[in-house]
1. Find the residue count for region 90-103, including only residues that are over 20 Å from the mean Cα position of the chain (by Cα) and assigned to a loop (DSSP other than H, G, I, E, B).
2. So which of 98, 93, 43, 16 ends up being under 29 Å from residue 116 (Cα atoms) and without any contact (Cβ under 8 Å) to a residue 12 or more places away in the chain?
3. Within region 56-89, how many residues turn out to be part of a helix (DSSP H, G or I), farther than 21 Å from residue 33 by Cα and without any contact (Cβ under 8 Å) to a residue 24 or more places away in the chain?
4. Assuming residue 60 fulfils every condition listed in (1) within 23 Å of the chain's Cα centre (by Cα); (2) modelled with pLDDT of 85 or more; (3) under 30 Å from residue 20 (Cα atoms) apart from one, which condition is it?
5. Scanning for something in contact with a helix residue (DSSP H, G or I) (Cβ under 9 Å, 6 or more places away or on another chain), at pLDDT below 85 and over 30 Å from residue 24 (Cα atoms), does region 68-86 turn up at least one residue?
6. Can you find a residue that is assigned to a helix (DSSP H, G or I), at pLDDT 75 or above and surrounded by 10 or more Cβ atoms within 10 Å (Cβ to Cβ) anywhere in region 119-134?
7. Please specify each residue of region 103-118 satisfying the condition of being without any contact (Cβ under 8 Å) to a residue 24 or more places away in the chain and crowded, with 16+ Cβ neighbours inside 10 Å.
């Protein structure tokens, strides 16, 4: 258990039999992370990692299958309904900063940066695993006829509407 989330699990429940770990115990961890000041989406991610650890243990017949099933009943924290803070909006990098590095990066990196700017994609969304083929014709068409998005996709509000954050 090398991750900090699982270290917290061990700190709170290291002396408890894993087969007896249940939804109440998971909620205690959830509350701990929320009261520690972590963002709501981070708390939900941490809870998901704990669930996956128990799911793995059940798949290897280390614990009963009902343990991860019970943990799956714990709902994630909802916006505005918990002690967890909301994460800040991540705004796009100013165009001046992007323009300033163009001459210092390799052409493929520059092309990826242009693709991200035109589509609003994140870096992980523009990379492909080595065994797949990038849709080169579509990318070429997009870069030769750019139509930038109205706003960046991270500026979408909680109701799915586009606009600038406060």
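1. Adding up the residues that qualify gives 1.
2. Values: 98 fails: without any contact (Cβ under 8 Å) to a residue 12 or more places away in the chain; 43 fails: without any contact (Cβ under 8 Å) to a residue 12 or more places away in the chain; 16 fails: under 29 Å from residue 116 (Cα atoms).
After ruling out the rest, the residue left standing is 93.
3. Summing the residues that are part of a helix (DSSP H, G or I), farther than 21 Å from residue 33 by Cα and without any contact (Cβ under 8 Å) to a residue 24 or more places away in the chain in region 56-89 gives 5.
4. Here residue 60 clears every test but (1).
5. no
6. Residues of region 119-134 assigned to a helix (DSSP H, G or I): 119, 123-126.
Filter again for at pLDDT 75 or above, leaving 119.
If we keep only those that are surrounded by 10 or more Cβ atoms within 10 Å (Cβ to Cβ) too, we end up with 119.
Yes - at least one qualifying residue is present in region 119-134.
7. Residues of region 103-118 without any contact (Cβ under 8 Å) to a residue 24 or more places away in the chain: 103-110, 112-113, 116.
Selection gives 112, 113, 116.
The values are calculated or read from the model by the stated rules, or taken from the named source; none is laboratory data. All of these numbers come straight from a predicted model, not from anything done at the bench. Please note: Cβ atoms are built from the backbone with ideal geometry, for glycine as well, and neighbour counts cover all protein chains shown.
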